[in-house]
Amino acid sequence: MATIRRGDGGLALPWARLSRAAATRRQKAFLLVLPAVALLLLFFILPYLYLLYISVMTQSHNAKYITRFTLANYAQTIGDLFIWRVIFHTLRLGVITTVIALVLSYPLAYHLARASSVMKGLLMMLVLTPLLVGVVIRTYSWMILLSDTGLINSLLTSWGVQPAHLMYNDTGVTIGLVHIYIPFMVLSLAGPLQGIDPDIERAARSLGAGAWQAFWRVTWPLSLPGVVSGSVLVFVLAISSYVIPSLLGGFTVITVPLLAIRTITELFNWPLGSALTIVFFALTVVIVWLFLRLMSRAMKGAA
Amino acid sequence: MHRSIGSRVGRVAYGTLIVLLYAFLLLPIAIVVIASFNSGNYLRFPPQGFSLRWFRHFGETASFTRSFFFSLRLAAVVTVIATGIGTAAALYVTRTAKRYREFLRVLMIAPLPVPAIITGVALLIFFYAIHVGTHGAFGLVVGHTLICLPYVFLIVSTVLANFDRTLEEAARNLGAGPWTTFRRVTLPIIKGGVISGAVFAFITSYDEFSISLLLGGVGTTPLPIQLFDYLRFSFDPTAAVAGVISIVMAMLAVLVTERLVGLESLYYGRRS
Amino acid sequence: MTAISLRSVVKQFGDVTAVDHLDLDLAEGELIAFLGPSGCGKTTTLRMIAGFEMPTAGQIWLGEEDVTWLSAEKRNCGMVFQNYALFPHLTVYRNIAFGLEMRRVPRNEIARRVRSVLEKVQLHGLEERYPRQLSGGQQQRTALARALVINPNVLLLDEPLANLDAKLREEMRFYIRTLQQEFGITTIYVTHDQSEALVLADRVAVMMGGMLQQIGTPEDLYRRPETAKVADFVGLVNLIPVRMKERCGAAIACESTLGPLEGRGPDGPGAEAEGWLSVRPENLHLSGTDGAAASGTDGTVNQMRGVVRERAYLGSLIDYRVEVGPALTLRIQGGAEAPYHAGDAVAVGFASADAWFVPSEEG
């Protein structure tokens, strides 16, 4: 093979040129992500770090805080029986909401996953419709239904049944939370359920499993990833909800978000509010982590 | 025989259950619509009669109309920003990023799983400390953009992940430079994802509550906060009117997306 | 004149060497097929010529120009992708016009050229369709038209028929060949289908493991493979292990476990060279053991005995597997007129002109 070399001949030169060109191209491309990264670092990561910083500063009556390191805020949070009751109450509401939402969402998601493709589009629209109306308005709607003189109670009275207290207590808050978060649960479940080939269920049936057994032994284990992700999502959303506990709970139901916001915006106790927020945040992370570990072990066992 | 009767009963029960669940899901929406057109102060059965008085009341209440238009403007600004930087970030992360790809991906969607109310608290304290964003709409724009960015990023990333890059190679092969290739081939094909992301961002911002509760101020109160304050003390169906407006807007958004994405599928030749 | 010249081109992806010191020259108007199993480096080579990959070392010349570092859009290579890569948001017309628009060709000129190429690929009347409204064959021809309309210096085809059904694939082979000759365009055709390569190409380059194994006319490849790998990859082959005893020009005499065998061989290997005699199944003849009646073919100097182990009816011929020695079974395809069955003792013969010596790798 002839080795004629025209132009700039040697190999080193174009290589250097190429790698330099590639480097500047990559640098230029980084400008694409720069605005988003700057926004998130400056107004997301930094504020959270600042919250962490405030939580170890000393409380003060005439300033936001005094720049002196202390763990007193955490001691106060952890030592306060009232705060623990609020935390426990919030977590309990979260668990109850998640379980009910799961039970109600599963049939919806299953039905959706097995519908024809035309029906699927329509049903998906129906599931998503509530999301298109703000949480405040949806809560208002539940207030119309659940209040002492509301629709449900006026119907009950007209039938001669004793009216029930459905609002300004845990019942009302739970109903509101479940309703608001069902679409999220359905969406999380529908994906994995759709991924299960109907032939697998048919195979189980052909091997002699009844409808219920086929579901319990085949469909349910295969849908567990959706159950787990949906449950985590709904749990986290439910315990950090603010509108529903305040409107449907009427301030008789106190949850951590309500308490934290009140501590910061009404009592102006930034250090304590920050500590409370962080304790709650950490607790949530631990619970979710434990749940995920437990479920992954269960899923391994099922497999 | 026994089994087929059993399965028929089962099927009817299953069907009824599904219908009831959809009814539960959609009931509050129906209630809002009925309440807004009902003439009485409270909604009772049967409804007291058709009236537009609550619409009139909503229109005449300056605090509502001011908040309504503020929310629209806020959502528009946030949509433009979030769609722009979210799409750009998705392009970089799915295509160019190498070593830091996973880190960037997590960073971009980080505001999604953490409770928005805590993000709001952190932002509020931070803004007070650095003395910006406490007046005017700056804080709200920043906070809403944080919440909307992950949606745009996720939707556009999904579209880009499914994008067949040989199309770009084909364009280069036919003589198009990088920028022409992006403008003439890439952008038209990912347009559907960008539009869906934008619509999602708009609705999310318009309905956003937690961030708005903490960062809204005098004269910069988004509609959900105005309604929330109103509902704490009064109970009349003026709030339902805002609900109907929301529903109409959402339907418009769906129509707009349908039209744009529909046009696109015409491009793609799905409909002929 | 040389249209494409690859000069010891190397491409590495991390630690993996996809293309290993490839040297290749294409003459103007020639159609070369790159043939090899998947992952052999043939597509990578094509992508380097198109400018989608930069070689780790070596040079690529198109005509008189070193294009090694030239970006893809400046190379004027027409390419047809395996999945066609038709722009889904543009009509057939706009797809084909795209390359001309990039070259700032005046609008009426574009219309004229698109119309003319549509005529050539028989797609007139489909201008306003979108790619998804076309059949596989129509998409394929649109992709061809889009690549040809820009008057490229070379045409690069990456498995262009892989996504078509068997019958259409057969038709398209001849069609592509006709079109290529009509345009007189230098063409590289990447495929893993050996029959496609043999039918279409002026020359076939067999690649394996990033290296060029052999380049030659289809007949060279089929009748005179240089390595056992090539013999095995191109068509069906029987490889009989032998040791060369003596040679006289191209004629060679070998010894094997089946006794002495005669054949032909390439220049180079001399006496004592280890290797194989490669014989194609259709060149082996079966006859009964009872007499010489059936083996009437002249020049059938190589004879052996065996037992039919398997027999498969293929319509126009019968496919036999005949055991002729310990651990040696020959594949023989013959006409249906000699119906032997499993267990029959048979005589096997082949002419020395049909046996080609392939040296073993070490030799």
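To the nearest 20 Debye, how big is the dipole of region C:77-217 about its Cα centre, given +1 on the beta carbon of each Lys and Arg and -1 on that of each Asp and Glu?
With Lys and Arg at +1 and Asp and Glu at -1, about 520 debye.
Provide, for q = 0.10 Å⁻¹, the log10 of I(q)/I(0) from a solvent-free Debye sum over equal Cα point scatterers in region A:80-302.
With one equal scatterer per Cα and no solvent, log10 I(q)/I(0) is -0.57.
Classify region C:60-177: rounded, prolate or oblate, from the alpha-carbon gyration tensor (a ≥ b ≥ c, eigenvalue square roots; a/c under 1.5 rounded; otherwise prolate if a/b is larger than b/c)?
oblate
So what J values fall out for region A:203-215 if you push phi through Karplus, 6.51 cos²θ - 1.76 cosθ + 1.60 with θ = phi - 60°, rounded to Hz, Gly and Pro as x?
4, 4, 5, 5, 8, x, 7, x, 4, 5, 5, 4, 5
May I ask for the equivalent-ellipsoid semi-axes of region C:236-359, computed as the square root of five times each C-alpha gyration tensor eigenvalue and listed largest first in whole Å?
Three semi-axes, in Å: 26, 14, 13.
Rounding to the nearest 10 and keeping the result within 0 to 90°, find how far the Cα-based axis of helix C:166-183 lies from the longest principal axis of chain C.
Taking the Cα atoms of chain C, the angle to C:166-183 is about 60 degrees.
Can you give the angle from 0 to 90° between the axis of helix C:92-102 and the longest principal axis of chain C, with both taken from C-alpha atoms, to the nearest 10?
The angle comes out near 70 degrees.
At 30 Å minimum axial length over the Cα atoms and a Kyte-Doolittle cut of -1.0, report the qualifying DSSP H helices in chain B, or say none.
Long hydrophobic helices here: B:2-37, B:62-91, B:138-161, B:238-267.
Let me make sure I get this right: for chain B, a, b and c are the square roots of the gyration tensor eigenvalues over alpha carbons, sorted descending. Under 1.5 in a/c it's rounded, otherwise prolate if a/b > b/c, else oblate. Which is it?
oblate
Can you tell me, using C-alpha contacts under 8 Å and at least 6 residues apart, the relative contact order of chain A as a whole percent?
Relative contact order here is 25 percent.
Please give the length that would be gained between B:Arg101 and B:Gln48 if that part of the chain were fully extended, namely 0.36 nm times their separation in residues minus their C-alpha to C-alpha distance (nm, one decimal).
13.1 nm
Averaging over every viewing direction, what projected area does the convex hull of the Cα atoms of region C:2-228 cover, in nm²?
About 12.7 nm², averaged over all directions.
Please get the size of the charge dipole for chain A, origin at its Cα centre, with Cβ charges of +1 on Lys and Arg and -1 on Asp and Glu, quoted in debye to the nearest 20.
Roughly 1420 debye for chain A.
By count of other Cβ within 10 Å, fewest leading, how are C:His89, C:His192 ordered?
Going from sparsest to densest Cβ surroundings: C:His192, C:His89.
Quick check for the protein assembly as shown: number of Lys pairs with alpha-carbon distance under 24 Å, counting only pairs 8 or more apart or on different chains?
Going through the protein assembly as shown pair by pair, I get 12.
Just to confirm the filter: which GluC sites (Glu not before Pro) across region C:87-166 are DSSP coil and have at most 12 other Cβ within 10 angstrom of their Cβ?
In loop regions of region C:87-166 (DSSP not H, G, I, E or B), the sparsely surrounded GluC sites (Glu not before Pro) are C:Glu128.
Once R0 is set to 56 Å, what does the formula 1/(1 + (r/R0)^6) return for the Cβ-Cβ distance between B:Asp164 and C:Ser316, expressed as a FRET efficiency to the nearest 0.05?
Step by step, r from the Cβ atoms, then E = 0.85.
Please sort by residue number the trypsin sites (Lys or Arg not before Pro) in region A:66-146 whose DSSP state is loop and whose Cβ has at most 16 other Cβ atoms within 10 Å.
Those satisfying the criteria are A:Arg114.
How high is the FRET efficiency between A:Leu128 and B:Tyr128 when r is their beta carbon distance and R₀ equals 25 Å, given to the nearest 0.05?
0.10
Over chain C, what is the relative contact order in percent, taking alpha-carbon pairs closer than 8 angstrom and at least six residues apart?
15
Ordered by residue, what ³J(HN,Hα) values in Hz, to whole numbers, does region C:103-113 give under the Karplus form 6.51 cos²θ - 1.76 cosθ + 1.60, where θ = phi - 60° and Gly and Pro are x?
Once rounded to whole Hz, the list reads 8, 6, 6, x, 4, 5, 5, 4, 4, 5, 5.
When only DSSP loop residues count, what GluC sites (Glu not before Pro) in region C:306-338 have their Cβ near at most 14 other Cβ atoms within 10 Å?
Of the GluC sites (Glu not before Pro), the ones in loops of region C:306-338 whose Cβ has at most 14 other Cβ atoms within 10 Å are C:Glu337.
Mind listing the long-range amide H neighbours of C:Val154? Cut-off is under 5 Å, sequence gap 5 or more, other chains count too, H placed in the peptide plane at 1.01 Å from N.
C:Gly78
Can you tell which of C:Gly63, C:Gly263, C:Gly343 shows the greatest fluctuation in a Gaussian network model of chain C with Cα springs below 10 Å?
C:Gly343
When the scattering of the protein assembly as shown is computed by the Debye formula from its Cα atoms alone, each counted once and equally, what is log10 I(q)/I(0) at q = 0.09 Å⁻¹?
Calculated log10 I(q)/I(0) at the listed q: -1.08.
At a 10 Å Cβ-Cβ cut-off, how would you order B:Leu160, B:Leu252, fewest neighbours first?
Lowest to highest Cβ neighbour count: B:Leu252, B:Leu160.
FRET efficiency for B:Ala76 and A:Leu155, Cβ-Cβ distance as r, R0 = 35 Å, nearest 0.05?
After rounding to 0.05, the efficiency reads 0.25.
So if the hydrodynamic radius of region B:106-199 is defined as the Kirkwood radius over C-alpha pairs, what does Stokes-Einstein give as its diffusion coefficient at 25 °C and 0.890 mPa s, in µm² per second?
155
Along the charge dipole of region B:115-249, Cβ charges K/R +1 and D/E -1, which of B:Gly143, B:Leu174, B:Val156 sits furthest on the positive end?
Checking the options against the dipole of region B:115-249, the answer is B:Leu174.
Going by the alpha-carbon gyration tensor, a ≥ b ≥ c the square roots of its eigenvalues, is region A:27-147 rounded (a/c under 1.5) or, if a/c is not under 1.5, prolate (a/b greater than b/c) versus oblate?
oblate
Values in this text are rule-based calculations from the coordinates and carry no lab data. Everything numeric in this text was worked out from a predicted model, so none of it was measured. Cβ sites come from the backbone with ideal geometry, for glycine too, and all protein chains shown count toward neighbours.
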